[in-house]
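This report refers to the structure that appears directly beneath it.
The values are calculated or read from the model by the stated rules, or taken from the named source; none is laboratory data. Computed from a predicted structure; not experimentally measured. As a convention, Cβ positions derive from the backbone with ideal geometry for all residues, glycine included, and neighbour counts pool all protein chains shown. Note: areas computed on protein heavy atoms with side chains; ligands, DNA, RNA excluded. Shrake-Rupley method; radii C 1.70, N 1.55, O 1.52, S 1.80 Å.
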Amino acid sequence: MNRARRGVKARQFRRRMGRDRRAVVSVVGTLLSLLVFFALFGIFLTQVAPVWMSENEEALTVQLESSLGNLKADIDTQVTEGGPSVLSVPFQLNSATIPLLAQPTSAYFSFIPGAIGIFSNVTMQPAPGATGHSIFTENISLGVFTLVVPNRYYAPQTFSMENDAVIQSQGTGQQVIEFPPTFSLNSTPSGIDLTASIVDLTGTSTQSTGLGTQEVFSHFVTTQSIESTSANHELNATFTEGTSYPCAWTQFLSSTLNASGVSVTHTITPSSCPTSVPSPVPVKITFRGLTQFTLIYSEIRVVIGVGTE
């Protein structure tokens, strides 16, 4: 009898041990599956997601740079052709996203007419239609359109349009004029000709940020050409640009003169990139011994948003 009872208990013990082993294996398998999942998820968050969002932000940056370039091209067409009276460019202000994992990056822009410290000053001697020591001077405060892309994974960028130049900046020393204004120096049979432009952006001060697309309109107002000549190579001209990006303007003026291949007496101040720019500073270039200087002045009214004037 005792032997029978001991046999039954042994069989019950073996069944319990079998169930326990299966339970332990199931728990261990679940834990291993979770560990593999979290390992793969961690790799995705630390390796794949940043690369993915960097590509999204790069695409946003390129798209906004292209939109600002298209806005400048529209303005140049209006200045050259005297119309169309109104053109528009859409600006997509947010990047693509990673569903549930990463929010889109939002860009924002501002337009400030007559911005403090942003100006163009032009001096001609002799003045147009005159001889001797008569002087013509024009000083105009300019509007500025600034576009900021505060990327988190790709390099943050700032784009700005001032005096028909589109400038890309990543700091004080990393500035470049992506789309240049009209500024050319040519050697002709009669002498040396210089052509420069001033494009004043006017309108209502505006700021915009958030998701979606924003329309920016350019309304043509006026354009005029002012010309001074001197048959004896005695025309002197000074062009001063008040700017928040002196490094970009200094490099642009120097490279333009070098590319022209024209030998003319000139000075550029400052001669190199400033190490710091706490506020807008003037960049000045002076020419001596010109035979002709043509200044093209234009006014464009900027309107942001449909139905806004």
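Stokes-Einstein diffusion coefficient for the range 198-252 at 25 °C in a medium of 0.890 mPa s, Rh from the Kirkwood formula over Cα pairs: what value in µm²/s?
Numbers: Rh = 16.4 Å.
My calculation gives 150 µm²/s for D.
Can you pull the percent of the range 160-309's accessible area that's carbon plus sulfur, 1.4 Å probe, other chains left in place?
Values: 3180 of 6650 Å².
Carbon with sulfur: 48 percent of the solvent-accessible area.
For the range 122-232, compute the orientation-averaged projected area of the C-alpha convex hull (one quarter of its surface), in nm². Can you show the working numbers first?
Details: hull surface 42.6 nm².
Convex hull of Cα atoms, orientation-averaged projection: 10.6 nm².
Measuring with a 1.4 Å probe in the full set of protein chains, what accessible area per residue, in whole Å², belongs to the range 76-225? Walk me through the numbers before you get to the answer.
Working: 6750 Å² over 150 residues.
About 45 Å² of surface per residue is accessible.
Compute the length gained on full extension between E58 and I140: take 0.36 nm times their separation in residues and subtract their Cα-Cα distance, giving the result in nm to one decimal. All intermediate terms of the calculation are to be shown ahead of the outcome.
On the way: separation 82, 0.36 × 82 = 29.52 nm, distance 3.58 nm.
Once the chain is fully extended between E58 and I140, it gains 25.9 nm.
When averaged across all projection directions, what area in nm² does the alpha-carbon convex hull of the range 262-304 cover?
Numbers: hull surface 23.4 nm².
Taking the Cα atoms of the range 262-304, their convex hull projects to 5.9 nm² on average.
Once the other residues with Cβ under 13 Å from the Cβ of I177 are scored (Lys, Arg +1; Asp, Glu -1), what is the net sum? All intermediate terms of the calculation are to be shown ahead of the outcome.
On the way: positive: K72; negative: E65, E162, D164, E178, E241.
Computed value for this residue: -4.
Shape verdict for the range 89-156, please, from the Cα gyration tensor: rounded (a/c under 1.5), prolate (a/b greater than b/c) or oblate. Show your work: numbers first, answer last.
Details: a/c = 4.89, a/b = 4.69, b/c = 1.04.
Here the range 89-156 falls in the prolate category.
Hey, can you find the accessible area per residue of the range 255-305 for me, probe 1.4 Å, expressed in square angstrom? Write down the numbers at each step before the final one.
Working: 2460 Å² over 51 residues.
Counting only protein heavy atoms, the per-residue value for the range 255-305 is 48 Å².
Determine, at each q value in 0.10, 0.16, 0.17 (inverse angstroms), the log₁₀ of I(q)/I(0) that the Debye formula gives when each Cα of the range 161-302 is one equal point scatterer.
After summing over all Cα pairs, the log10 values are -0.41, -0.95, -1.04.
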